[in-house]
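J.: Got a structure for you, questions after.
The values are calculated or read from the model by the stated rules, or taken from the named source; none is laboratory data. Just so it is clear, the model here is predicted, and its values are computed rather than measured. Every residue, glycine as well, gets a Cβ built from its backbone with ideal geometry; the counts of neighbours run over all protein chains shown.
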Amino acid sequence: MDISQFTSPEMGSLVQISGHNARRDEYYNHYAFVPKDLPHAIQLSNKTHALVSTASVAVGQLQQCVKRLPKPEILLKPSLAREAKSTSALEGTYAPLQEILEGDFVDETNISAAVKEIRNYIRAAYRGLELIKTKPICISILSELQGITVEGTTGGKINQGVTRTGQVIIGDDSKPVEMARFIPPPVTQMLCGYNEWEKWINETDDLSPIIIMALGHYQFETLHPYADGNGRIGRLVISLQFVEMGLVNPPLLNLSEWFNNDKEKYKNELLLLSQKGDFDRWVSFFAEAIIGQVAHEMQRIDELMTFQKELLQKLKNAKERGVVVQLAEELIAVPVFTAKTVSNMYGVTPPPAISAIQKLIDLGVLREVTGGRYNRLYACLDVINILDR
């Protein structure tokens with residue numbers, strides 16, 4: 001880690017660390033960065049305050065858009081799948097959205113390691129949304145979510161579901177520690193900082209929610225409280241905060257997609273704040289991400305609703321009723337499914353379920369994607385393409 005770049009004592013301090021790099025079988029003596037506790041007031045430029053205000057308005061517009069939807073909850077599952085895909089891609093784990101959605105219907109032995117890891121995040125997100133109904137965002141909740149996120153992965157072999165008990169180094173572990181990109185604080189300082197972070201995000205009420213999310217995300221990633229999964233959990237916190245603060249519910253605003261469009265800039269901006277202490281620059285970057293992503297989300301919602309409206313009109317013109325209409329209304333929520341899924345969703349026997357599916361195939365809305373094998377999977381590629389655009 002280039003300690004000469006850390007020129008802002010207001011942000012934190014460098015402390016000496018020593019240990020053994022097992023990968024290179026060598027001992028090291030270097031430095032880690034310990035961030036100061038977050039402030040309750042910061043100086044921002046007029047331009048940045050304007051961006052924060054614009055971001056707040058944009059979030060409000062998205063929530064109003066969501067409220068006008070007949071059934072906004074149908075967007076939750078595909079939204080979480082997209083967030084899982086993007087947040088995992090930021091950490092180097094990739095899988096197509098269709099493959100992620102198909103994972104609900106594929107035997108575990110046939111699911112790739114990448115899809116399993118991404119699906120862990122989806123489970124963690126659902127669990128987080130359930131937990132914050134009765135508790136504030138806190139260390140105990142995030143530790144549980146971290147355990148779910150890394151379950152069955154290489155990262156789940158050390159300190160799963162608990163804060164880390166050793167020093168972590170961020171960067172290429174085949175290189176000397178001195179060449180690391182960043183070294184988070186030692187365990188003792190991390191634990192103190194993490195407890196203060198928990199208090200800060202729940203007790204700070206004299207800053208804009210956008211600023212609270214921006215600073216809270218920086219501090220979480222800098223403390224790096226877990227042995228693995230910090231990036232995904234830190235970004236999940238943002239999604240949970242949108243809900244907890246009453247800003248966007250269901251949580252359809254997923255910033256990972258925006259960050260992933262320029263992942264190096266995102267990571268560089270986080271590091272630069274530790275190095276130079278420019279809160280103005282980081283908050284501006286975060287607010288711009290919200291503004292840009294809100295625009296994308298509203299366009300996506302509009303396209304999905306247009307698709308649904310046009311499909312339902314086609315069925316109405318054809319005087320269709322019953323299961324096929326119900327299925328058409330749910331395609332946005334469940335763009336991949338089996339005939340058994342339809343039977344269970346609507347409490348019908350296989351024949352009407354299969355009939356409804358065939359009608360949508362005939363309309364060109366569905367496609368069978370398993371090559372005719374047993375337990376066939378059907379997909380609405382139009383919806384998947386809109387979600388993945």
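J.: Would you mind finding the one in Q63, Q43 that is touching a residue at least 60 places away in the same chain (Cβ under 8 Å) and more than 26 Å from the chain's Cα centre (by Cα)? Before you say what the answer is, go through the steps one by one.
T.: Details: Q63 fails: more than 26 Å from the chain's Cα centre (by Cα).
Being touching a residue at least 60 places away in the same chain (Cβ under 8 Å) and more than 26 Å from the chain's Cα centre (by Cα) holds for just one of Q63, Q43, which is Q43.
J.: Working only within the stretch 356-385, note down all residues that are closer than 24 Å to K71 by Cβ and hydroxyl-bearing (S, T, Y).
T.: Y378
J.: Any residue in the stretch 353-369 that's assigned by TED's automatic domain parsing to the domain that holds A339 and in contact (Cβ under 8 Å) with a residue 60 or more places away in the chain: show its pairings with residues that are of a type in the set (S, T, Y) and outside any loop (DSSP other than H, G, I, E, B) at Cβ separation under 9 Å, as long as the two are six or more apart or on different chains.
T.: V369/Y378
J.: Then there's this: Name the single residue that is surrounded by the fewest Cβ atoms within 10 Å (Cβ to Cβ) among those in the stretch 24-56 being more than 17 Å from L207 (Cβ to Cβ) and out of contact with any strand residue (DSSP E or B) (no Cβ under 8 Å at 6 or more places or on another chain).
T.: Going through the qualifying residues, I end up with D25.
J.: Then there's this: Looking at Y121, is it surrounded by fewer than 18 Cβ atoms within 10 Å (Cβ to Cβ), modelled with pLDDT of 95 or more and of a type in the set (S, T, Y)? If you could, list the steps in order and put the result at the bottom.
T.: Working: surrounded by fewer than 18 Cβ atoms within 10 Å (Cβ to Cβ): no; modelled with pLDDT of 95 or more: yes; of a type in the set (S, T, Y): yes.
In short, no.
J.: So if I check each of G229, G292, G216, G234, which one is within 27 Å of G161 (Cα to Cα), out of contact with any Asp or Glu (no Cβ under 9 Å at 6 or more places or on another chain) and small (G, A, S)?
T.: Values: G229 fails: out of contact with any Asp or Glu (no Cβ under 9 Å at 6 or more places or on another chain); G292 fails: within 27 Å of G161 (Cα to Cα); G234 fails: out of contact with any Asp or Glu (no Cβ under 9 Å at 6 or more places or on another chain).
Matching residue, one of G229, G292, G216, G234: G216.
Per-residue answers, yes or no, for (1) surrounded by 22 or more Cβ atoms within 10 Å (Cβ to Cβ); (2) over 28 Å from A55 (Cβ atoms):
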site: G171; (1), (2): no, yes
site: M179; (1), (2): no, yes
site: T188; (1), (2): no, yes
site: E198; (1), (2): no, no
site: D205; (1), (2): no, no
site: L215; (1), (2): yes, no
site: F220; (1), (2): yes, no
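J.: Check M345, M298 and return the single one that is assigned to a helix (DSSP H, G or I), without any contact (Cβ under 8 Å) to a residue 60 or more places away in the chain and under 26 Å from N249 (Cα atoms).
T.: Values: M298 fails: without any contact (Cβ under 8 Å) to a residue 60 or more places away in the chain.
Step by step, each of M345, M298 is checked, and only M345 is assigned to a helix (DSSP H, G or I), without any contact (Cβ under 8 Å) to a residue 60 or more places away in the chain and under 26 Å from N249 (Cα atoms).
J.: Now, a different point. Restricting attention to the stretch 7-17, does a residue exist that is over 18 Å from Q219 (Cα atoms) and either at pLDDT 95 or above or surrounded by 13 or more Cβ atoms within 10 Å (Cβ to Cβ) (or both)? Lay out the reasoning, then the answer.
T.: So in the stretch 7-17, the residues over 18 Å from Q219 (Cα atoms) come out as 16-17.
Restricting the remaining residues to those that are either at pLDDT 95 or above or surrounded by 13 or more Cβ atoms within 10 Å (Cβ to Cβ) (or both) gives 16-17.
Yes, that holds for at least one residue.
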